[in-house]
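Below is one structure, written out as structure tokens, with a few remarks after it.
Here, each number is a calculation from the coordinates, and none is a lab measurement. Fair warning: this is a prediction, and the values are worked out from it, not measured in the lab. Positions of Cβ are backbone-derived with ideal geometry, glycine not excepted, and every protein chain shown enters the neighbour counts.
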Amino acid sequence: NAGVTQTPKFQVLKTGQSMTLQCAQDMNHNSMYWYRQDPGMGLRLIYYSASEGTTDKGEVPNGYNVSRLNKREFSLRLESAAPSQTSVYFCASRFPGQGIFSAFFGQGTRLTVV
Amino acid sequence: QQQVKQSPQSLIVQKGGIPIINCAYENTAFDYFPWYQQFPGKGPALLIAIRPDVSEKKEGRFTISFNKSAKQFSLHIMDSQPGDSATYFCAASRNSGNTPLVFGKGTRLSVIA
């Protein structure tokens with residue numbers, strides 16, 4: 001049981017290049033999330049998908065787009081990378097409902113934009 | 001506007017000490033408060049979580065204390081060990097809905113032998 005899988009684990013981009021970060025979960029969770037982590041800033045929500053077919057902006061959506069491909073997969077796209085997007089990106093999934101259901105995180109994608 | 005405020009930013013304790021990390025929230029609709037532990041190079045992992053109908057929850061050496069009226073909650077680590085050295089994040093959300101977790105900025109804990 002892999003949980004939440006992110007690819008790639010590391011990436012270096014040049015300013016202006018585009019790329020897609022992939023995320024897949026095998027826990028049959030409805031909700032999926034993309035966060036970025038920067039030193040001293042904690043985890044900030046970029047976009048989320050409460051269920052298959054829906055996506056919503058989070059706290060820091062500018063410069064990003066997302067696709068909820070199916071229930072398992074949620075991708076994050078950088079159309080024109082900027083140095084300010086250098087960060088560690090985490091995908092998470094969660095089954096919302098009664099009881100305590102927490103979010104499970106992937107191992108992260110470390111992105112550097114030069 | 002930061003919805004969850006976490007303090008301190010960093011903390012150094014001796015082995016066996018009891019580090020305490022505090023969080024305060026603003027949204028009274030929050031009803032689920034987890035703590036996450038993150039080691040370098042890894043994703044955050046759930047440590048312990050609490051609902052506002054109880055004032056304290058213990059799991060092993062980790063305890064959450066919750067004060068609903070003050071809108072504050074804290075993590076206590078009993079008999080801390082060097083292996084507890086990590087970054088800790090508090091978070092909050094409405095558990096019964098589809099709203100995402102909102103995180104504090106994190107506390108870097110170092111436990112020295």
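Using the Cβ-Cβ distance between B:Gln14 and B:Ser65 with R0 = 22 Å, the FRET efficiency computed as 1/(1 + (r/R0)^6) comes to roughly 0.50. For the range A:1-103, the list of trypsin sites (Lys or Arg not before Pro) that fall in a loop by DSSP and count at most 15 other C-beta atoms within 10 angstrom reads A:Lys9, A:Lys14. Taking Cα centre as origin and charging only the Cβ of basic (Lys, Arg, +1) and acidic (Asp, Glu, -1) residues, the dipole magnitude of the range A:1-70 rounds to 220 debye. Rg and Dmax of chain B, based on Cα coordinates, read 13.5, 43 Å.
Relative to the Cα centre, the charge distribution of chain B, modelled as +1 at Lys and Arg Cβ and -1 at Asp and Glu Cβ, gives a dipole magnitude of about 140 debye.
Taking other C-beta atoms within 10 angstrom as a stand-in for reagent exposure, A:Val114, A:Val60 fall in the order A:Val114, A:Val60, fewest first.
Phi-derived couplings, Karplus 6.51 cos²θ - 1.76 cosθ + 1.60 at θ = phi - 60°, listed residue by residue for the range A:6-17: 10, 9, x, 8, 9, 7, 10, 10, 8, 3, x, 6 Hz, with x used for Gly and Pro.
Note on A:Leu69 and B:Asp53: with the Förster distance fixed at 30 Å, the Cβ-Cβ geometry gives a FRET efficiency of about 0.20.
If both residues of a DSSP beta bridge must be in the protein assembly as shown, then about 90% of such bridges are antiparallel. Treating r as the C-beta distance of A:Glu79 and B:Thr28 and R0 as 35 Å, the FRET efficiency rounds to 0.35. Other residues with beta-carbon under 12 Å from the beta-carbon of B:Lys5 carry, at +1 per Lys or Arg and -1 per Asp or Glu, a net charge of +1. Summarising the overall dimensions of the protein assembly as shown from its C-alpha atoms, the Rg and Dmax are 17.5, 51 angstrom. Positive end of the dipole of chain B (Cβ unit charges, origin at the Cα centre): among B:Ser55, B:Val111, B:Ala70, the Cα lying farthest that way belongs to B:Val111. Going by neighbour counts of Cβ atoms within 10 Å, the residues A:Trp34, B:Trp35 line up, fewest first, as B:Trp35, A:Trp34. Here the contact order of chain B, divided by its residue count and restricted to Cα pairs under 8 Å and six or more residues apart, works out to 36 percent. Too long at a 32 Å Cα-Cα cut-off: which of B:Lys5/B:Lys58; A:Lys14/B:Lys5; A:Lys9/B:Lys68; A:Lys71/B:Lys105; B:Lys58/B:Lys105? Check vs 32 Å cut-off fails for A:Lys14/B:Lys5; A:Lys9/B:Lys68. Neighbour counting of Cβ atoms within 10 Å sorts the residues B:His76, A:His29, fewest neighbours leading, into B:His76, A:His29. Rg then Dmax, both in Å and based on the Cα atoms of chain A: 13.5, 45.
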